[in-house]
Amino acid sequence: MTEFLVHRTLRSSATPTNVGYLTEEHPRLDRLQNGISAICAVLAGASILAIVVLTLVEALSRTAFSSPLGWSVGFIEQYLLTATAFFGIVTAYRSGAHVAVVSVYNKLGERARKVCLIVSHSVVIIGMLAIGLAGLDATIFAITSGEGPVPGSSEIPLPSWVWRSIVPIAMAMGLVVVIIDLYRELFSPWDLPATHYDSGDAVDSALEEAGVVSPNELSDPDESADPRKHDPRKPQEEIR
């Protein structure tokens, strides 16, 4: 039996994956975005695993053999933490793993939501572009200046541009994902959003438990008007 994740911002359905989602409207673009997200997820996940392993090995070698690795601290700080953060950003964006508070967003009409998504995508693009350009500038400087570890130090003898290049590479991959979302919003019908935006329900649930907002304030106003749009048991033709 096919399962659908019906998002409150759309009348159509999307099939979620671990690194994003797939739709019938634009499957090729979805696969491209999911592919980029998957690569970033593997890199970020491998970095986290390496951090755990190196930390355990460092602790064991230091306490049991009084012989610390030395190079592991710099490697974790420069390579692994950087890869975890910046490649993880891309996957978090695509899979909706970032924190979002939608108590106001859900009260808006679909046209207003579309405008919000366009503004949101634009802000993300500007931020990623600024970070990517700064990282690229640092990488170019490291290449031209021959920046690297001091000879004889405990750090791995690799030029600094290797780890500095992580930031511009990750941001370039993220820009591809976000620009596709922005393009789709700008050149799709303006009666409803094109992005299958998965809201931050966990945040709103916490607000509801704290008594800050009521369940009615968090619900989609369109849901009561036409429940068929949000019922995954209905055929897609009826949802539309």
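Estimate the FRET efficiency between SER66 and VAL162 by the formula 1/(1 + (r/R0)^6), using the beta-carbon distance for r and 22 Å for R0, to the nearest 0.05.
Numbers: r = 31 Å, r/R0 = 1.40.
Taking R0 as 22 Å, the efficiency between SER66 and VAL162 is 0.10.
The phi torsions of the range 141-153, fed into the Karplus equation with coefficients 6.51, -1.76 and 1.60 and a -60° offset, translate into couplings of 4, 5, 5, 5, 8, x, 4, x, x, 5, x, x, 6 Hz, rounded to whole numbers, with Gly and Pro shown as x. Would you work out which of GLY88, LEU108, ILE51 lies farthest towards the positive end of the dipole of the range 19-143? Charges go on Cβ: Lys and Arg +1, Asp and Glu -1. Checked the options; the winner is LEU108. Across the range 112-162, Cα-Cα pairs more than 17 Å apart make up 56 percent of the total.
Which net charge results when you count Lys and Arg as +1 and Asp and Glu as -1 among the other residues whose beta-carbon is under 14 Å from that of HIS121? Intermediate results must be reported in sequence, preceding the final value.
On the way: positive: ARG94, ARG113, LYS114, ARG184; negative: ASP181, GLU185.
The answer is +2.
Taking amide H as placed 1.01 Å from N in the peptide plane, TYR21 has no amide H partner under 5 Å among residues 5 or more places away or on another chain.
By the scheme Lys and Arg +1, Asp and Glu -1, what is the net charge of all other residues having a beta-carbon under 13 Å from that of GLU185?
0
Counting charges near ILE143 (Lys, Arg +1; Asp, Glu -1) among other residues having Cβ under 12 Å from its Cβ returns a value of -1. Dividing the Cα radius of gyration of the range 25-189 by 2.2 N^0.38 Å, with N the residue count, gives 1.30. For the range 25-189, the dipole from Cβ point charges (+1 on Lys and Arg, -1 on Asp and Glu) about the Cα centre works out to 540 debye, to the nearest 20.
Any read-out appearing in this document is the output of simple, stated calculations on the displayed coordinates, not a laboratory observation. Treat the numbers as computed from the prediction; the structure is a model and nothing was measured. Heads up, the Cβs are rebuilt from the backbone with ideal geometry, glycines too, and the neighbour counts pull from every protein chain shown.
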